[in-house]
Amino acid sequence: MTRRNATQDFMAHNQAMMHTYCYQLAATWFELHPEATASELVAFLKDRAHKAQTAAAEVYVAREGMTMSEAMEFQARHNDYRDLMRGELSSHN
């Protein structure tokens, strides 16, 4: 086993939790909606993400004095992982 530091340990744990949660959420959603399409699942996940980003933005409004518009833009700017995901997923084909 390679030598790891606390940050690497945290990231490994965080990645395991995040990926497990995401796959279980999608699998459970399809169990409950067996007739659904992948596009419907993506729409469901997009709605959940928007609600979570709104809740996080409210924290920035309360703690950082941002307007809701500024906080939502901050969320959009700092939580866009699509380019990184494309690179990661395309390298595994």
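The values are calculated or read from the model by the stated rules, or taken from the named source; none is laboratory data. This is a predicted model, so every value here is computed, not measured. As a convention, Cβ positions derive from the backbone with ideal geometry for all residues, glycine included, and neighbour counts pool all protein chains shown. For the accessible areas, the whole protein counts, side chains as well, though only heavy atoms, and no ligand, DNA or RNA atoms are used. Shrake-Rupley method; radii C 1.70, N 1.55, O 1.52, S 1.80 Å.
Some values worked out for this structure:
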quantity: Simple label model, 7 Å out from Cα along Cβ direction - ASN5 to ALA36, nm; calculated: 4.1
quantity: Most mobile listed residue (GLN75, GLN24, GLN15) in the chain, GNM with C-alpha springs under 10 Å; calculated: GLN15
quantity: Span-rule helices in the chain, defined as complete DSSP H runs reaching 20 Å or more along the axis (Cα) with Kyte mean at least -0.5; calculated: 6-32, 38-64
quantity: Extension reserve of the ARG82-LEU45 stretch, reckoned as 0.36 nm per residue once the Cα distance is removed; calculated: 11.9 nm
quantity: Modelled label reach - ALA26, point 7 Å along Cα→Cβ, region 45-66 residues with backbone N closer than 14 Å; calculated: 45-46
quantity: Apportionment of accessible area to carbon and sulfur, the chain, percent (1.4 Å); calculated: 59
quantity: Fluctuation leader among ALA49, ALA16, ALA26 - the chain, Gaussian network, Cα springs under 10 angstrom; calculated: ALA16
quantity: Accessible area of the chain divided out per residue, in Å², using a probe of 1.4 angstrom; calculated: 86
quantity: Debye-sum result for the chain in log10 I(q)/I(0), which assumes one identical scatterer on each alpha carbon, at q = 0.15 Å⁻¹; calculated: -0.88
